[in-house]
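Below is one structure, written out as structure tokens, with a few remarks after it.
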Amino acid sequence: MKKLITLVAVLSLTSFGWAATDREATTDRLDHAGKVLNEIMAAPDKGIPEEVLEHAKCIAVVPHMLKGGFVLGAENGRGVTTCRTANGWSAPAFFTVTGGSFGFQIGIEGVDLVLIIQNEEGMQQLIGSKFEIGADASAAAGPVGRHASAGTDWKLNTEILTYSRARGAFAGVSVKGSAVRRDDDSTEAIYGHDISTRRILQGDVAVPQAAHEFLDAVKDAKAQAVAAK
């Protein structure tokens, strides 16, 4: 009996330790995502255009996504997203992005990925918790600079604009073929229980304390773009 009680206690402590580790890792990801957005927008003439941010329905950041391989590349990362609601930006939802891309890629490179979801259709794909960029949701490399050129079709029939930053260089990039799925572990780590992505992104869930820095960065991004005029 004593052995059984001891075993239960050990398993409980182990589970608590795993939960704490997941929570710390997810909180770090939130903070890092906010810093990525701040750093991108602070770069003169190299950020996301004001018009794109004004038009954005949701903003998603995958800090330090790993991309590596030779000839056949692969991506794998965990990200965080927020969407506009009637009362401001929603609490964050968590997702993973995985996929493959052909090309001459050598070694492993840390890449920060930013996704701008432009319309209701793109938001519904995000809420659905599982979709493929380029197949289920149209995507294109986003414009970079203080302003989006009027001559480009960045706003036409494109649900997601995609950007990446590697080795300090920030540019629009194609990530077609990458699969976006709900991150259950991170969701439970922050909210303490299973909660739907729909409820989170529609603004039905209170913003957790751990998310304030990320949401502040999202709110500040537009202000930084305007200040760069």
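The values are calculated or read from the model by the stated rules, or taken from the named source; none is laboratory data. From a predicted model like this one, the values you see are computed outputs, not experimental measurements. Cβ sites come from the backbone with ideal geometry, for glycine too, and all protein chains shown count toward neighbours.
Entry remark, segment 63-119: residues being aliphatic (A, V, I, L, M) and modelled with pLDDT of 85 or more number 10 in total. Residues of segment 1-43 that are hydrophobic (A, V, I, L, M, F, W, C) and modelled with pLDDT of 50 or more: Met1, Ala20, Ala25, Leu30, Ala33, Val36, Leu37, Ile40, Met41, Ala42, Ala43. Scanning segment 30-56 for residues that are charged (D, E, K, R) and farther than 16 Å from Phe214 by Cα, we see that the one that is surrounded by the fewest Cβ atoms within 10 Å (Cβ to Cβ) is Asp45. Restricting attention to segment 167-225, which residues are surrounded by 15 or more Cβ atoms within 10 Å (Cβ to Cβ), polar (S, T, N, Q) and modelled with pLDDT under 90? If the condition is that a residue be surrounded by 15 or more Cβ atoms within 10 Å (Cβ to Cβ), polar (S, T, N, Q) and modelled with pLDDT under 90, then Ser178, Gln224 are the ones that fit.
Listed by first and then second residue, the pairs with beta-carbon distance under 6 Å, at least 6 apart or on different chains, first residue in segment 61-86 and over 23 Å from Arg29 (Cα atoms), second modelled with pLDDT under 60 and of a type in the set (A, V, I, L, M, F, W, C), are Phe70/Ile106. Applying a threshold of 6 Å to beta carbon distances and a minimum spacing of six or more residues, or different chains, the list of pairs starting in segment 127-139 at a residue that is charged (D, E, K, R) and ending at one that is in a strand (DSSP E or B) reads Lys130/Arg181; Glu132/Ala179.
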